[in-house]
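Written out below as structure tokens is the structure these notes cover.
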Amino acid sequence: MPHVIAIDGPAGAGKSTVARLLARRLGWRYLDTGALYRAVALASMEAGVSEHEGGAIAHLAASLDLRQDAEGRTSLGARDVSPLIRTEAVTQRASGVSALPEVRAALLAVQRNAALQENLVCEGRDMASVVFPQATLKVYLDAREEVRAGRRATELEGRDGHADRARVRHEMNARDHADSTRAAAPLRRMDDQILLDTSALTIEDVVSALEIMVKERLLHRQPR
Ligand code: DC
């Protein structure tokens with residue numbers, strides 16, 4: 001079986017950026033699992049399903065032709081939805097959608113299939129706890145709350161030209177609280193995850209640190 005590097009953590013810890021760069025550096029596949037939940041959220045909005053209709057959303061999730069390429073570009077059928085799933089409305093709904101156990105079950109195979117043929121760097125909230133408990137390396141990326149909120153606001157300013165920083169911080173905390181306290185696969189740090197606080201680190205620092213950890217592990221472990 002191929003190797004899996006599992007990265008979990010709250011919003012703004014740097015997971016996506018770091019996982020994408022690490023995958024590129026290793027020449028491995030990258031899987032952005034948050035994008036899968038976001039795509040289900042988008043599809044439910046486009047289908048006119050209310051966020052309270054859990055059963056209908058779960059049914060929809062199971063019927064979608066959801067794909068992600070090796071760089072994390074996400075499509076519904078032939079349509080690349082990568083830019084569409086980054087809006088605030090989709091971000092908001094994705095948190096609710098990801099709390100539905102049936103949606104999580106529907107996305108499990110898509111995630112595990114990504115590691116059938118190729119070595120994988122994946123990131124999300126339940127990589128180590130549920131999806132890839134046997135991963136070669138399990139990392140929990142974190143950062144101080146104000147640092148994470150600042151990164152998220154800077155990202156939105158870059159994209160939209162402006163961001164209400166107080167609001168961004170409030171909404172990020174509300175989502176993290178929901179993601180960590182839900183019944184189905186909540187975000188939590190496992191004992192066997194290496195904790196890396198990225199508050200005072202550059203992206204390059206984090207990628208290099210992870211690359212060293214991966215190489216160290218590969219010396220001592222055969223593929224799964
Ligand atoms: O990482 P992100 O912001 O793109 O994730 C979008 C939402 O999906 C977020 O509310 C957390 C949730 N999520 C999850 O529950 N499990 C994952 N493996 C990845 C994301």
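The values are calculated or read from the model by the stated rules, or taken from the named source; none is laboratory data. Just so it is clear, the model here is predicted, and its values are computed rather than measured. Cβ placement follows ideal geometry from the backbone for every residue including glycine, while neighbour counts extend to all protein chains displayed. We work out accessible area using only protein heavy atoms, side chains counted, and drop any ligands, DNA or RNA first. Shrake-Rupley method; radii C 1.70, N 1.55, O 1.52, S 1.80 Å.
Summary of values
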item: Number of positions in the range 185-202 that are touching a residue at least 60 places away in the same chain (Cβ under 8 Å) and in contact with an Asp or Glu (Cβ under 9 Å, 6 or more places away or on another chain); result: 7
item: Residue list for the range 1-40, filter: closer than 17 Å to V130 by Cα and either free of Cβ contacts under 8 Å to residues at least 12 places away in the same chain or away from the ligand (no atom under 12 Å from the Cβ) (or both); result: H3, V4, I5
item: Filter pass, L31 being out of contact with any Ser or Thr (no Cβ under 8 Å at 6 or more places or on another chain), aliphatic (A, V, I, L, M) and buried (at least 24 other Cβ atoms within 10 Å of the Cβ); result: yes
item: Test: residue in the range 153-162 that is within 14 Å of the ligand (Cβ to nearest atom), modelled with pLDDT of 95 or more and of a type outside the set (D, E, K, R); result: no
item: Filtered residue count, the range 171-224, keeping only those that are within 16 Å of the ligand (Cβ to nearest atom), part of a loop (DSSP other than H, G, I, E, B) and open to solvent by less than 60 Å² (accessible area, probe 1.4 Å); result: 8
item: Flag for R165 being away from the ligand (no atom under 13 Å from the Cβ) and open to solvent by 90 Å² or more (accessible area, probe 1.4 Å); result: yes
